[in-house]
Amino acid sequence: MITSRNKLYTILFIACIAGYIWLYLSMYNNQSEINSLNTCFIKHTTNIPCPSCGSTRSVISLLHGNFNTALYINPLGFVIVLIMLFAPLWMILDFTTKRKTLFDFYNKIEHHLKKPHYAISLVLLVIANWIWNITKGL
């Protein structure tokens, strides 16, 4: 549980910057140069894709306008794109207006996810995505 606005915004800011750098490297570098970077650690060690395997390719497909391809590769790409687009803008808005609406939203979501019916539903969705990744042979 993140208890302060600044801590949440710092974590989100660093995660978004890391994500932008990762996307840049994945999109614009020679595939052979970063081949080892594109391999998921879990898939590399177990030969089984994790629930988020294919997320980078899904995000890149979305950025190129290939929505069906992105959905097929990994639906989590849509969530990642939304977070990477809106979190920085929301943080800037909060800092300029001296509010904490993103932090309040985060706390509401976290509160709901502590309820078993929401948590179990979310876990089942992640497991379903994981099974789908395995059956697709990502």
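Looking at the chain, what % of the alpha carbon pairs are farther apart than 20 Å?
Summing the P(r) of the chain above 20 Å gives 58 percent of all pairs.
So how far, in whole Å, is the C-alpha centre of the range 79-121 from the one of the range 46-77?
Cα centres, the range 79-121 to the range 46-77: 22 Å.
Would you mind calculating the gained length between ASN66 and ILE83 on full extension (0.36 nm times residue separation, minus the Cα-Cα distance), in nm to one decimal?
Numbers: separation 17, 0.36 × 17 = 6.12 nm, distance 1.86 nm.
Result: 4.3 nm gained on full extension.
If R0 is 41 Å, what FRET efficiency do you get for ILE21 and ARG99 from their C-beta distance, rounded to 0.05?
0.90
Which value in deg cm²/dmol, rounded to the nearest 500, describes the helix-derived mean residue ellipticity at 222 nm for the chain, given -39,500 (n - 2.57) per DSSP H run of n ≥ 4 and division by the residue count?
About -24000 deg cm²/dmol.
Assuming 0.36 nm per residue, please report the length gained on full extension of the stretch ILE2 to LEU122 beyond their Cα-Cα distance.
41.2 nm
Considering Cα pairs under 8 angstrom that are at least six residues apart, work out the relative contact order of the chain and quote it in whole percent.
Taking the mean separation of contacting Cα pairs over the length of the chain, I get 27 percent.
Checking the a/c ratio against 1.5 first, then a/b against b/c, what shape does the Cα gyration tensor give for the range 61-138? Can you show the working numbers first?
On the way: a/c = 4.81, a/b = 1.38, b/c = 3.49.
Here the range 61-138 falls in the oblate category.
Can you tally the net charge around LEU8? Count Lys and Arg as +1, Asp and Glu as -1, for every other residue whose Cβ sits under 15 Å from the Cβ of LEU8.
Residues close to LEU8 contribute a combined charge of +2.
Only the coordinates and a few stated rules stand behind these numbers; no lab work does. As the structure is a computational prediction, the values presented were derived from the model and not from experiment. In this analysis, Cβ positions are derived from the backbone assuming ideal geometry, glycine residues included, and neighbour counts consider all displayed protein chains.
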